[in-house]
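The next block holds one structure in the form of structure tokens; read it before the comments.
The values are calculated or read from the model by the stated rules, or taken from the named source; none is laboratory data. For clarity, every value in this text was computed on a predicted model and none was experimentally measured. Cβ placement follows ideal geometry from the backbone for every residue including glycine, while neighbour counts extend to all protein chains displayed.
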Amino acid sequence: MKQRALVAAMALSLVGGDSAPACTGFCGSAKGKVLVGNNEDFGNPRSRVWFVPGEKGAYGRVLLGFNDGRAQGGMNEKGLMFDGFATPRLELAPTPEKSIWFGDLGDKALAECATIDEAIAMLSKLAGADRAVFLFADERGEAAAIEPDGVVRKKDWFFVQTNFYQSRIAPTQASCERFKIARRMLEDSGGDISVDLFRRILAATHQEGNSTTQYSNIFDLKARVMYLYHFHNFENVVRLDLAEELRKGARKLEIPSLFPRTYAAEAHARWFESQQKK
């Protein structure tokens, strides 16, 4: 029971606690490019990006999330990325041979691992969240969804992840429309991947409403560059070069402050604040 409670707490550290997120992630490796796209769907508008310079035993990295300080995704200086996806809870058998990690699993992986193989090896020794999936991809084009009790590896030139377990539901049987739209657009591209294609997929799979797309990002894992968008507005983009940003030292930036003001984003922020006061 004690371990089950700790595992549940770890799941909450990934997804937060004010509404159920439903995000979309996808990656592609073709023609010498390795790109990853993500829509972060959540109620909280207080999104952040922060930079952690490398030090002995830890790689430099950029992390994204919200004002609770928990990383929802990120990329490190070795070209490894992760993103987290809330999923239905699994009833797992106790794993006393695994260690309990009280901190941020995604950040720990980016700090210590250079490839998805290293990330899989590390996370296999830790008791993971029982209602979350981690998507990892690296600069080689390798990718995998790390589930609470297994790993689903990328077999084609692209891979898509939304909020379900692909070990239990085959991609062809998935009911998630965001998943199906992203797969279809990638298939139709014939492997001619680009930042613009990924931007259009993010636009096609974004969500609105209370749990809306707060930010979107595209990682170029070979170039170590991130393209960042705010509140499903894909006309304005901020390009962040990881090496350049890390040279500026440790910093936290409010994502909304990096973009022009928009009525929709500010109206949602007012709604969110009103809900917090109830």
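In table form, for the structure just shown:
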| read-out | value |
| --- | --- |
| Test for VAL151: is it within 16 Å of the chain's Cα centre (by Cα) and surrounded by 15 or more Cβ atoms within 10 Å (Cβ to Cβ) | no |
| Residues being under 15 Å from ILE218 (Cβ atoms) and polar (S, T, N, Q) - total across the range 27-67 | 3 |
| Filter result (out of contact with any strand residue (DSSP E or B) (no Cβ under 7 Å at 6 or more places or on another chain) and either under 26 Å from ARG140 (Cβ atoms) or crowded, with 23+ Cβ neighbours inside 10 Å (or both)) within the range 205-223 | ALA223 |
| Any chance PRO260 is of a type outside the set (A, V, I, L, M, F, W, C), surrounded by 15 or more Cβ atoms within 10 Å (Cβ to Cβ) and at negative phi | no |
| Test: PHE164 is under 19 Å from the mean Cα position of the chain (by Cα) and closer than 21 Å to GLN72 by Cα | yes |
| Options GLY191, GLY141; residue that is surrounded by fewer than 18 Cβ atoms within 10 Å (Cβ to Cβ), assigned to a loop (DSSP other than H, G, I, E, B) and on the phi > 0 side of the Ramachandran plot | GLY191 |
| The range 36-61, subset touching a Lys or Arg at 6+ places or on another chain (Cβ under 9 Å) and aliphatic (A, V, I, L, M), residue nearest to GLN207 (Cα to Cα) | VAL49 |
| Breaking point among (1) under 15 Å from GLN161 (Cα atoms); (2) in a loop (DSSP other than H, G, I, E, B), for ASP83 | (2) |
| Unmet criterion (only one of (1) of a type in the set (A, V, I, L, M); (2) part of a helix (DSSP H, G or I); (3) modelled with pLDDT of 95 or more) for VAL160 | (2) |
| Contacts under 6 angstrom Cβ, first residue in the range 51-73 being free of Cβ contacts under 8 Å to residues at least 12 places away in the same chain, partner surrounded by 22 or more Cβ atoms within 10 Å (Cβ to Cβ) and of a type in the set (Phe, Trp, Tyr), 6 or more apart | none |
